[in-house]
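*Asks:* My questions all concern the structure below.
The values are calculated or read from the model by the stated rules, or taken from the named source; none is laboratory data. In this text the structure is predicted, and so the values were computed from the model without any measurement. Here the Cβ is made from the backbone with ideal geometry for all residues, glycine too, and neighbour counts use every protein chain on show.
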Amino acid sequence: MVDLPLSPTAPVLPRFAEAGLQASLLDTPVVLLQGPRQCGKTTLARTVTASSGYGYLSFDDDNLVRAARADPLGFVADLPPKVVLDEIQRVPELFTSLKLAVDRDRRPGRFLLTGSADVLLLPKLADSLAGRLEVVRLHPLSQAELGQQPAGFLKSLFATEFPMQSCERLGLALAERVVAGGFPAALTRQPARRRAWYQAYVQTLVQRDVRDLARIAALEVMPRLLELAAGQTAHLFNVSELAGPFGLSRPTVRDYLTLLERVFLVDVLPPWHLRQISRLVKTPKLHLGDTGVAAALLRVDAAALHANRTLLGQLLETFVFQELRRQASAEPGATAFYHFRNRDDHEVDIVLEQGDRLAGVEVKASGTVRAEDFRGLRKLQEIVGDRFACGVVLYDGEVSLRFGPALFALPMQTLWHAGAELGAD
């Protein structure tokens, strides 16, 4: 049994995004900390600004929203010299006024904004603060953060450094991690109570945040659409299959999914491709933003997920993808994420790119690994040549093994214990 739940009185866990947020506040007038509701944005913002004289206002207060909308210029003029503005997506009218204030006084760290929706997908808002704003993404808790381990996997991946180690298989404990997800408030609950939290969470986002972003005639479709998307997590993005049960047009369903993406409930993983290679599949993959949400929507607990190997494989791929993205927030440089597939059925679940170097990660739920499991990684290695840093198959096994130059099979625990000695979880 894995001791995942956080105590309701547990100390605040350090976040990988903290260093990047602090650095941004030292040289940028407006910093936007964005990520899904309840992932810890407010806690991190308060932690970083606690001793720096920042004021704090939350636009979850409807009276504050009305005041800001009525007189944006006056509202911004009355703000403290340095201030945290929480849930800024509820008052997009403020962005132009913030731009004017920054143009008069470009001191760094004046405005720390938090947002539970990706406001930068709106071109006018993105353009209004161009050159004045830096974005820091905060995800739900990673497994490494939960275990207070360093974010070492990406460093090891691009350095091709995975020494031979052994550990116990995770088995059911791996399914428990997948079902638990990474939202702090959910992790304070016992496993039997988490599903209710996640289901209420989805309803709240749809009824409040999605409604704030767009007028939708069939709002009741959104939770059902998200449930269907959860069943297709880690699959190629197929709008027709998602639209079919609702009698809605493909463009409408695509728009609805874009809204779910804007509130960080789903992620669309683009394909990796080269223009000179025509046989690559260019369809993106769909992933849920958190496997705790996915498991709750699909009404599966750890035991049911462990027994359903097909579904476990899907959710485990999403789990690994999200863990890699969460750990990437600790990296000083940007990491881009893709998937790889060609028309000859070579595929790699996750492709990572740092600068001109690429690495690949394949995910297996089983405890065995074979040479053919590296088929897609070898094809990617062949295509990119010297740009290829490393390829790994993560599996629920006991030993890290080398399967060729820069190719490794690694126990799943390596993902959150890279650089440390593996052991039984």
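*Asks:* Mind checking which residues of the stretch 227-271 are touching a His at 6+ places or on another chain (Cβ under 7 Å) and farther than 25 Å from Gly115 by Cβ?
*Replies:* Within the stretch 227-271, Ala234, Pro271 meet the criteria.
*Asks:* Quick check: anything in the stretch 285-299 surrounded by fewer than 23 Cβ atoms within 10 Å (Cβ to Cβ), assigned by TED's automatic domain parsing to the domain that holds Gln203 and among the hydroxyl-bearing types (Ser, Thr, Tyr)?
*Replies:* Checking the stretch 285-299: not a single residue is surrounded by fewer than 23 Cβ atoms within 10 Å (Cβ to Cβ), assigned by TED's automatic domain parsing to the domain that holds Gln203 and among the hydroxyl-bearing types (Ser, Thr, Tyr).
*Asks:* Somewhere in the stretch 167-174, is a residue at pLDDT 95 or above, out of contact with any helix residue (DSSP H, G or I) (no Cβ under 7 Å at 6 or more places or on another chain) and more than 19 Å from Leu316 (Cβ to Cβ)?
*Replies:* No; the residues of the stretch 167-174 include none that is at pLDDT 95 or above, out of contact with any helix residue (DSSP H, G or I) (no Cβ under 7 Å at 6 or more places or on another chain) and more than 19 Å from Leu316 (Cβ to Cβ).
*Asks:* Among (1) part of a loop (DSSP other than H, G, I, E, B); (2) over 24 Å from the mean Cα position of the chain (by Cα), which single condition is Asp60 missing?
*Replies:* Single failed check for Asp60: (2).
*Asks:* Is it the case that Phe158 is among the aromatic types (Phe, Trp, Tyr) and touching a Cys at 6+ places or on another chain (Cβ under 8 Å)? If you could, list the steps in order and put the result at the bottom.
*Replies:* On the way: among the aromatic types (Phe, Trp, Tyr): yes; touching a Cys at 6+ places or on another chain (Cβ under 8 Å): yes.
So Phe158 passes the test.
*Asks:* Among the aliphatic types (A, V, I, L, M) and in contact with a helix residue (DSSP H, G or I) (Cβ under 7 Å, 6 or more places away or on another chain): which single residue out of Leu205, Leu226 fits that description?
*Replies:* Leu226
*Asks:* Among the numbered criteria (1) surrounded by fewer than 14 Cβ atoms within 10 Å (Cβ to Cβ); (2) under 19 Å from Ala19 (Cα atoms), which single criterion is violated by Leu154?
*Replies:* All conditions are met except number (1).
*Asks:* Follow-up. Only one residue in Arg169, Arg132, Arg90, Arg110 is surrounded by fewer than 19 Cβ atoms within 10 Å (Cβ to Cβ) and outside the structural domain of Leu205 (by TED's automatic domain parsing). Which one? Let's see the steps before the verdict.
*Replies:* Values: Arg169 fails: outside the structural domain of Leu205 (by TED's automatic domain parsing); Arg90 fails: surrounded by fewer than 19 Cβ atoms within 10 Å (Cβ to Cβ); Arg110 fails: surrounded by fewer than 19 Cβ atoms within 10 Å (Cβ to Cβ).
Exactly one residue qualifies, and that residue is Arg132.
*Asks:* For the stretch 327-345, how many residues meet the condition of being among the hydroxyl-bearing types (Ser, Thr, Tyr) and at pLDDT below 95?
*Replies:* If we filter the stretch 327-345 for residues that are among the hydroxyl-bearing types (Ser, Thr, Tyr), which is where we start, we get 329, 335, 338.
Those left that are additionally at pLDDT below 95: 329.
Number satisfying all stated conditions: 1.
*Asks:* Pick from Glu241, Glu220: which is of a type in the set (Asp, Glu), free of Cβ contacts under 8 Å to residues at least 40 places away in the same chain and over 28 Å from Cys39 (Cα atoms)?
*Replies:* Details: Glu220 fails: over 28 Å from Cys39 (Cα atoms).
Within the list Glu241, Glu220, the selection yields Glu241.
*Asks:* If a residue has to be of a type in the set (S, T, N, Q) and in a loop (DSSP other than H, G, I, E, B) to count, how many in the stretch 16-57 make the cut?
*Replies:* Selection size over the stretch 16-57: 4.
*Asks:* Restricting attention to the stretch 164-176, does a residue exist that is within 24 Å of Arg37 (Cα to Cα) and in a strand (DSSP E or B)?
*Replies:* no
*Asks:* Here is a list of conditions, (1) part of a helix (DSSP H, G or I); (2) under 22 Å from Gln148 (Cα atoms), and Gly376 meets all of them except one; can you say which number that is?
*Replies:* It is condition (2) that Gly376 fails.
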